[in-house]
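The values are calculated or read from the model by the stated rules, or taken from the named source; none is laboratory data. Being a predicted model, the structure only gives us computed values, none of them experimental. We place every Cβ from the backbone using ideal geometry, glycine too, and count neighbours over all the protein chains shown. When the accessible area is computed, the model is the full protein with side chains, heavy atoms only, and any ligands, DNA or RNA have been set aside. Shrake-Rupley method; radii C 1.70, N 1.55, O 1.52, S 1.80 Å.
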Amino acid sequence: VKTPFLDDLAKEGVRFTHNCVTTSVCWVSRATLFTGQYLSRHKSKLLSTPKFCEKKNWQKTWPSLLKRKKGYHIGHIGKWQYHNNEFVHERYADYSYVRDGFHWIDADNGESVHAIDMMEKKAFSFLRERPKDKPFALTVAFYPPKAMDNGHDNEPLSMDSRQYFPKNEDMYKNETIPEPPQMAGWKKLPHFFDESNQGRIRFQQRFGTPDKYQASMKNYYALITEVDACMKKIVRKLSLQGILDETLIIFTTDNGYFHAEHGLAGKWYPYQESIRVPLIIRDPRMPINMKGTLNDDITLNIDLASTILGAANLASPSVMQGRDIADLYMQPKEERKPWREEFYYEHHLDQLAHTIPMSSALVRKNYKYVRFPDWNTDELFDLVSDPLEHDNIIDKNSSKLILEEMRLRYKELQESVK
């Protein structure tokens, strides 16, 4: 997939190779990005009741703190997803445009406009109209390349519905996208992963035949390349306004994605494709020797709230559970506090459990312990020898000691995130 802007951004900043989410669900992860908290703490698991937006909770989010403590002009463009758009317009942002669920949308003049182009237009408006005597923080939350799960033009879902709609559907027409080697891994998943599993249903819709796989992935790649081009234009505006080197730029996503790995589509489960997400930070304060480097520490989406506040010289409230990632590039390793070497993952959305089994995990670089609580089923993977998570080694005699230790540590971390 071609991402020339992101390639350049990584050369000007740090790319974090082991960045993960603590819950791989888009709306839950967005609440985490604002609060710096696990789902177990912010408790915003229902789209209809975003508890993090309640006044006492919102006051401890990074947008609220920037606005109240430092006078920031706040903008939000694009995906929000919770069912309280009026909150965005009235309390969260000074400038807002909320739209998600579609790749092509109807503009005010009745014409069909691609969502990426609309994001570009609104971002330009924010940068043009912002008060020049105030600092600003802008979230540009692209809906593409997320699949349109209901098909084009909100058609009823069918096994033949296309779900990716770029502006240029011929961009990758001469390419052949390799199928993942673990596509057949479906047969190695726990026994309760059956054809009614939401991940399997979406696999059949998007990737169920070789032709579907090629069509879906080519359009998915095209959307990514088009988002990349849009981001380049937005950052170019910062340069034209003379503020590029005064602006912290963070690129990340709200969850990973299965593209037929394990015979699945979607996210949710604690496997690598679902929980690992990109993270690039371009920070004007960054020492020159750090630019263009890779960092393999375990960073999490709970860290970004503290990172943003730290850049504005604001302390994180005690309810936040992450750390300022700038410590990893602003402080010599020998001078900073030790960084995490493991984390707890949780997906406890019981309202979805009938087709998406609840799961949790203890994740390290070398081992991963996975638990499906409703089924009293555990897995253990050696990520060094088996990075694609083909082989569950939980029943091997050689795994007994590490399994016992990880089960105890899992319970400790499970309690600590509440």
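Cα-based radius of gyration for the stretch 1-109, normalised by 2.2 N^0.38 Å, reads 1.22.
Most simply put, the chain has about 65% antiparallel DSSP beta bridges, counting only bridges with both residues inside it. Carbon-plus-sulfur accessible fraction, the chain (probe radius 1.4 Å, protein heavy atoms only): 50%. FRET efficiency for the D133 to W339 pair, using the beta carbon distance and R₀ = 41 Å, is estimated at 0.60.
At q = 0.11, 0.15, 0.24 Å⁻¹ the log10 of I(q)/I(0) for the stretch 278-373 amounts to -0.44, -0.75, -1.31, computed by Debye summation with a single uniform scatterer per C-alpha, solvent ignored. With a 1.4 Å probe rolled over the protein heavy atoms of all chains, the accessible area of W27, W80 falls in the order W27, W80, largest first. Net charge dipole, the chain: roughly 1400 debye, given to the nearest 20, about the Cα centre with Cβ charges of +1 for Lys and Arg and -1 for Asp and Glu. Name the most mobile residue of T247, T355, T209, meaning the one with the largest mean-square fluctuation, in a Gaussian network model of the chain with Cα contacts below 10 Å. So, out of T247, T355, T209, the one fluctuating most is T209. Quick check on my link table: of K173/K267; K79/K337; K79/K132; K79/K267, which ones sit more than 28 Å apart, alpha carbon to alpha carbon? Checking Cα-Cα distances, K79/K337 exceed 28 Å. Model label points for R285 and D211, set 7 angstrom from Cα along the Cα-to-Cβ axis, are 5.5 nm apart. For L413, the solvent-accessible surface computed with a 1.4 Å probe is close to 20 Å², ligands and nucleic acids excluded.
Return the Rg/Rh ratio of the stretch 1-47 with Cα-based radii and a Kirkwood Rh.
Answer for the stretch 1-47: 1.14.
Counting 0.36 nm for each residue step from K418 to K237 and taking away their Cα separation leaves a gain of 61.0 nm. Taking a straight line from the alpha carbon of K400, these lysines sit under 16 Å away, with near neighbours fewer than eight places off in the same chain left out: K368.
With contacts taken as Cα pairs under 8 Å and at least 6 residues apart, the chain reaches a relative contact order of 22 percent.
Between Q163, Q351, Q205, which gets the highest mean-square fluctuation from a Gaussian network model of the chain, Cα cutoff 10 Å? It is Q351.
Once all protein chains are placed together, K134 keeps about 100 Å² accessible to a 1.4 angstrom probe. With a cut-off of 9 Å between beta carbons, the residues surrounding S306 carry a summed charge of -1, where Lys and Arg count +1 and Asp and Glu -1.
Look at the alpha carbon pairs under 8 Å that are at least 6 residues apart: their mean separation over the length of the stretch 204-350 gives a relative contact order of 16 percent.
Quick one: which of K188/K212; K134/K232; K56/K134; K146/K233; K188/K396; K232/K418 span more than 27 angstrom between C-alpha atoms? The pairs that break the limit, which is 27 Å between Cα atoms, are K232/K418. With a simple spin-label model that places each label point 7 Å from the Cα along the Cα-to-Cβ direction, the separation between L294 and V319 comes to 3.8 nm.
Across the stretch 132-288, the mean sequence separation of Cα contacts (distance under 8 Å, 6 or more residues apart), normalised by length, yields a relative contact order of 26 percent.
Exposure check, 1.4 Å probe, all protein chains in place: F124 carries approximately 50 Å² of accessible surface.
Quick one: which of 221-233, 90-102 comes out on top by average Cβ neighbours within 10 Å, and what's the full order, highest first?
On the way: 221-233: 20.2, 90-102: 18.0.
For the peptides 221-233, 90-102, the packing ranking is 221-233, 90-102.
For L9, L240, the ranking by accessible surface with the largest value first comes to L240, L9, using a 1.4 Å probe. When the convex hull of its Cα atoms is viewed from all sides, the chain shows a mean projected area of 20.8 nm². Model label sites at E86 and V1, defined 7 Å from Cα along the beta-carbon direction, differ in position by 3.7 nm. Using equal-weight Cα scatterers in the Debye expression, the normalised intensity of the stretch 276-327 in log10 at q = 0.19, 0.21, 0.27 Å⁻¹ is -0.69, -0.83, -1.19.
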